[in-house]
1. At a 10 Å Cβ-Cβ cut-off, how would you order 354, 500, fewest neighbours first?
2. How would you rank 144, 159, 194, 510, going from fewest to most other Cβ atoms within 10 Å of each one's own Cβ?
3. Quick one: if the Förster radius is 22 Å, what FRET efficiency do residue 77 and residue 591 give, using the C-beta to C-beta distance and rounding to 0.05?
4. Explain nothing, just compute: Karplus ³J(HN,Hα) = 6.51 cos²θ - 1.76 cosθ + 1.60, θ = phi - 60°, for every residue of the stretch 268-274 in order, whole Hz, x for Gly and Pro.
5. Using all C-alpha to C-alpha distances in the stretch 55-359, build P(r) with 10 Å bins and read off the rounded percent in each one.
6. Would you mind checking the stretch 211-248 for residues with the amide N under 15 Å from a putative spin-label position 7 Å along Cα→C-beta of residue 180?
7. Arranged by the count of other C-beta atoms within 10 angstrom, fewest first, what order do 334, 363, 124 take?
8. Mind listing the long-range amide H neighbours of residue 595? Cut-off is under 5 Å, sequence gap 5 or more, other chains count too, H placed in the peptide plane at 1.01 Å from N.
Amino acid sequence: MLLARPHHPLRLRSCFARLFTTPSTLTRAEPVIPSRRALIRKRIAQIDDSAPVAPSLVDTFGRQHNYLRISLTERCNLRCFYCMPEDGVPLSPNERILSDDEIIRLATLFVKSGVTKIRLTGGEPTVRKTIVQLVGRLNELRQHGLQSIGMTSNGLILHRQLARLVANGLTHLNLSLDTLDPFKFEIMTRRMGHESVLRSLSQALASPGLTSVKLNVVVIKGLNDSEVLKFVEMTRDQDLSIRFIEFMPFTGNKWDKAKMVPSADLISRIAAVHPGLVKAADELNDTARSYQIPGHRGSIGFISSMSDHFCSSCNRLRLTADGQIKVCLFDAKEVSLRDQMRAGADDQQLLQTIGRAVRGKKEKHAGLPTRSSSLTRAKPVPSHMIMPASFSLRQIRHSSTSNTPSPPKLSHMDDAGRPSMVDVSKKQPTKRTATATGRIYLPRIAYELITPTSSAPASSDISTSPLLEKAKAKARAKGDVLTVAQLAAIMASKRTSDLIPLCHPLSLSHVSVTLTPEDHPEDARNPKTHGLCHSVLCKATVTCEGRTGVEMEALTAVSVGLLTVWDMLKAVAGKEMVISDIFVAHKAGGKSGDFIRDEC
């Protein structure tokens, strides 16, 4: 058992070396004949070959690194708001990206040094055209000790390649899917494709060649944490591992501690519904703590990078798409193996560089909040703790509480306090979407006019009075209330810049407006409904390809739509109707990031 410890092969070699070279030892020991010397050297070589990893992959804390993550590309076909800005990131020129041969050379060097597990990542690895062939070439490294080939994918186009990837040696697959709601998927990823991801998942679960299929879910409070139990339910009848990941700070994703849901909270929620939840055995280097629900085929896991980091057992190294070795995801330091290879370095020189990088690995990822940072208490985060908008796939800058927050500033005021239109000329046109909602509360008589088939009780005797019948006739003469209001809302959204002085004129690509009558007699005494039991909900979604957002266009559509309802019905209910609850429900696109308002 002693020889299994990482440094003992070296100590053994040192002891034998002293045996051969120390005069005092030789005088007391039995003379070493040439044949015995050869046997001893052979035994040393056997011990070195059986060592868990080579010394170059052992850091100063004794951690052995047998897991290599290889990024195949910086490109991605999604724009998940917590990972990448909507406009993407500056990409390295193609000539700076590792070639297939360079990837295989480095992978071979790592595997011969003790790496047993390789995981392919990105960006999105499936966008690399040679992905299938690369997996096949990596599979040939099994003769040198490689045991598994994994991949992490967003699943968008994976279903087209999965069968060939598995045939070429892919054994483990992690899919990323943060929501089971197609509409919310488009909000979070800024792209369509929810159905394609589910297709890839279904295909993976039906693939006998895959040893493991896992689903990664980044949990964000107020956005998708309400879906946690739905994800858990997926493990009932499927051999699937759902892994809930704490929202982590990366430059550009505007990380907010109040949006991070600690794993302990999720475990409590799940245990309240599944009281039989039990802790499952974890392997030493697992990033996820695994749990099992009795009767479920699959399992669930929690990756607590923020509230309970797993640095002490970290066995991971990373190779970026442009050939840099990263010893920790949260360490900005990188060393270029690509430049050394292209300068003619041999394998021994590359190993020396790798060894220096590994020995420089810190005990834990510094700069991030830890358990002592009161992460479990969701409090508003000062503006100076929000991540800056700049972003790099490799470089990660940490927020600092020592910075002084900038004072709030109105966007439509210049430094002298004069009204000024925002300059958006330097921004690139991107897809932007906003949805706004609002309500107009109505008395029953007005509600009956817009819902002639309503099941509401008949109005009081006053409804038969000549004056009221005349008012009803006047209201009906204006046309169908909801249809006219819908048209007015659409037209208003397109004229927003004419109505609001400092709004930019935008070419809208789509405007959708719905007006829905609502009957809620149980709220008759609710102050929020102003004592009225009926209402019309107006919802407007506006989309454009532009340099600035469309929140104002959505708000204008809702406002004018509700005003039109008021105008159409004022003859019968002008004194009672109330317009309220107008707000932006959610938005996507732009540097300010995406959000979904909790009230909706």
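A short reminder: the numbers here are calculations on the coordinates, not readings from a lab. Everything numeric in this text was worked out from a predicted model, so none of it was measured. Counting neighbours? That spans all protein chains shown, and the Cβs are built from the backbone with ideal geometry, glycine included.
1. Numbers: 354 24, 500 14.
Ordered by Cβ neighbours within 10 Å, fewest first: 500, 354.
2. On the way: 144 15, 159 18, 194 21, 510 9.
Ascending number of Cβ neighbours within 10 Å: 510, 144, 159, 194.
3. On the way: r = 21 Å, r/R0 = 0.93.
It comes to 0.60.
4. 5, 4, 5, 5, 5, 8, 10
5. Going from the shortest bin to the longest, the percentages are 6, 26, 35, 25, 7, 1, 0.
6. 215-218, 224-244
7. Numbers: 334 17, 363 12, 124 23.
In increasing order of surrounding Cβ atoms, one gets 363, 334, 124.
8. Correct list: 587.
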